[in-house]
């Protein structure tokens, strides 16, 4: 296992695939998953000569489970330490859902001197929560409901998310994969109990508006038209207007988990963007 220890003593696991001298692509996963959620995309790009790196966010997967630091600033700082430790340069950063917020906060806090391109896929920015400045967002009651269901029976809650809205398996005529459901549940159950609980606040309440305004590299924003977890109208549509020069690509009928339900299309789009 490849790991490193952050300045605050947290052990972070990461995987490093492909040729070490290839152009670098990093992947930031969604809640409450692990780097394994990106394995199809990492295999595809690594097979085409790219060095693909993905870490398990603190409190998730094979990384340690610190009681504190489960917020976007620390997530971004952990990733910055990984970049420094491996001396990564000219990186294409890819983030899904919560990981998209991590990419945005990384650029907001650490700039783009190590970054060449960015991809936000089904990403939570600019902010999920309904506020005066974001009247189209989801009300706090939605996320309070997440927390209540999580505390009541997080195993069952994870199973219901994976069986339904995450992959759009609750849509009429959906082709349901029991394997994907089990993989999502297993990854979720590897997360620390408090870490994943705290992360609900991190992904729902963090405002990335100013972070997005700091993007000064080519940016691809990809979103499923039928994303039930992060509705497109208050995420990708707004983010694309905040990131100057960004390219917005909408997958018709696409789910939240395009890396699984639209795998071939996403793989092709990421490779094309990485090569551009």
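The values are calculated or read from the model by the stated rules, or taken from the named source; none is laboratory data. Keep in mind the model is a prediction, meaning the values are calculated, not measured. In this analysis, Cβ positions are derived from the backbone assuming ideal geometry, glycine residues included, and neighbour counts consider all displayed protein chains.
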Here is a list: 100, 61. Which entry is in contact with a helix residue (DSSP H, G or I) (Cβ under 9 Å, 6 or more places away or on another chain) and at positive phi?
61
Check 172, 139, 135 and return the single one that is loosely packed, with under 13 Cβ neighbours inside 10 Å, farther than 28 Å from residue 85 by Cα and touching a strand residue (DSSP E or B) at 6+ places or on another chain (Cβ under 9 Å).
139
Of the residues in the range 230-262, those that are outside any loop (DSSP other than H, G, I, E, B), in contact (Cβ under 8 Å) with a residue 60 or more places away in the chain and either closer than 18 Å to residue 169 by Cα or touching a strand residue (DSSP E or B) at 6+ places or on another chain (Cβ under 7 Å) (or both) come to 236, 239, 258, 259, 260, 261
Restricting to the range 263-276, name every residue that is buried (at least 19 other Cβ atoms within 10 Å of the Cβ) and either closer than 26 Å to residue 137 by Cβ or without any contact (Cβ under 8 Å) to a residue 24 or more places away in the chain (or both).
266
Residue 66 - would you say it is on the phi < 0 side of the Ramachandran plot, surrounded by 17 or more Cβ atoms within 10 Å (Cβ to Cβ) and either touching a residue at least 24 places away in the same chain (Cβ under 8 Å) or touching a strand residue (DSSP E or B) at 6+ places or on another chain (Cβ under 8 Å) (or both)?
yes
Quick one: is residue 190 surrounded by fewer than 22 Cβ atoms within 10 Å (Cβ to Cβ) and over 30 Å from residue 132 (Cβ atoms)?
yes
The condition of being crowded, with 24+ Cβ neighbours inside 10 Å, modelled with pLDDT of 95 or more and either assigned to a loop (DSSP other than H, G, I, E, B) or in contact with a strand residue (DSSP E or B) (Cβ under 6 Å, 6 or more places away or on another chain) (or both) holds, among 222, 217, only for 222
Identity of the residue in the range 97-121, under 16 Å from residue 200 (Cα atoms) and touching a strand residue (DSSP E or B) at 6+ places or on another chain (Cβ under 6 Å), that ends up surrounded by the fewest Cβ atoms within 10 Å (Cβ to Cβ)
102
Any residue that is at pLDDT 95 or above and within 21 Å of residue 222 (Cβ to Cβ) - is there at least one of those in the range 194-202?
no
Of all the residues that make up the range 247-262, how many are crowded, with 21+ Cβ neighbours inside 10 Å, closer than 24 Å to residue 24 by Cβ and over 16 Å from the mean Cα position of the chain (by Cα)?
0
So which helices (runs of 4 or more DSSP H) are wholly in the range 1-114 and hold at least 1 residues that are closer than 16 Å to residue 259 by Cβ and more than 18 Å from the chain's Cα centre (by Cα)?
39-46
